[in-house]
1. So with the 1.4 Å probe, I'd like the accessible area per residue for region 23-165, rounded to whole Å².
2. For region 1-160, with only Lys/Arg (+1) and Asp/Glu (-1) charged at the beta-carbon, what is the dipole magnitude about the Cα centre, in debye rounded to 20?
3. Provide Rg over Rh for region 58-122; use the alpha carbon set for both Rg and the Kirkwood Rh (inverse mean inverse pair distance).
4. Roughly how tilted is helix 30-41, in degrees to the nearest 10 and between 0 and 90, from the longest Cα axis of the chain?
5. Summing -39500 (n - 2.57) over the DSSP H runs of n ≥ 4 in the chain and dividing by its residue number, what mean residue ellipticity at 222 nm do you reach, to the nearest 500 deg cm²/dmol?
6. Students often get this wrong, so try it: which of [x] 128; [y] 245; [z] 176 is volume of the Cα convex hull per residue in Å³ as calculated from the structure shown?
7. At VAL198 and GLU94, where each label point lies 7 Å from the Cα along Cα→Cβ, what is the point-to-point distance in nanometres?
8. Using a 1.4 angstrom probe on heavy atoms only, work out the carbon and sulfur share of the accessible area of region 73-203 in %.
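The values are calculated or read from the model by the stated rules, or taken from the named source; none is laboratory data. On a predicted model such as this, the values are computed, not experimentally measured, just so you know. Quick reminder, even Gly has a Cβ in these numbers, built from the backbone with ideal geometry, and neighbours come from all protein chains shown. Each accessible area value is taken on the protein alone, full model and side chains, heavy atoms only, with ligands, DNA and RNA left out. Shrake-Rupley method; radii C 1.70, N 1.55, O 1.52, S 1.80 Å.
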Amino acid sequence: SLLFILPTNGGEAGVILLAVFLGLALPVTAAQILWINMVTTVTLAIALAFEPAEPGVMQRPPRPPAEPLITKLLLVRVVYVSLLMVAVTFLVFEWETARGSSIETARTAAVNMLVVGELVYLFNSRHFVAHSMSGEALTGNRVALWVSLGLVALQLAFTYAPPLQTLFRTTPLDAAAWSLIWALGFAKFLAVEAEKAVLRRFGVQRL
């Protein structure tokens, strides 16, 4: 839970803080952040409760009693993933702005980028260090698959349903925006897998 929740919340907070510190337009509004937290909590976070134990977990030595809850390696993962989320969200927001889209459209794209970033990271975080580029990573927790589909449906409603458009000031996105969002989401997934590969190379088994 810490492995998933801390980086995703860090990414959301980082987007707001960076915009404030640099004096930029906010990529997401307060209401939109509340929406992100609500939909990801009732979908992605719930999937963690059904996560099976990793293979060989009982063969690992116990953690030292004096070891902190947030270890150095876990803190590195939190910071790394948070920075990735901030980077891809700002990239999408600035890309929409640069091609002449309204601030509402740019924010709609930014919200969807944050959510997609959290969705793909759920599958990264199914394993601490072991790679997630396998069929098992997708099918090992079927609840994760179903809640992911539910989250996609909620985001489509957020983007295209008139009542939610009025409430959250969102606008429809075109195919180019969705293509960029999913491409960056996949790139973020690969970036986290690359970090895990480095840890495995150094013999790290847990965070």
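1. So region 23-165 comes to 49 Å² accessible per residue, rounded to a whole number.
2. 240
3. Rounded to two decimals, Rg over Rh is 1.26.
4. Tilt of helix 30-41: around 40 degrees.
5. Using -39500 (n - 2.57) per qualifying helix, the result is -23000 deg cm²/dmol.
6. Among [x] 128; [y] 245; [z] 176, the one calculated here is [x].
7. Output for this residue pair reads 2.2 nm.
8. Accessible surface attributable to carbon and sulfur in region 73-203 totals 74 percent.
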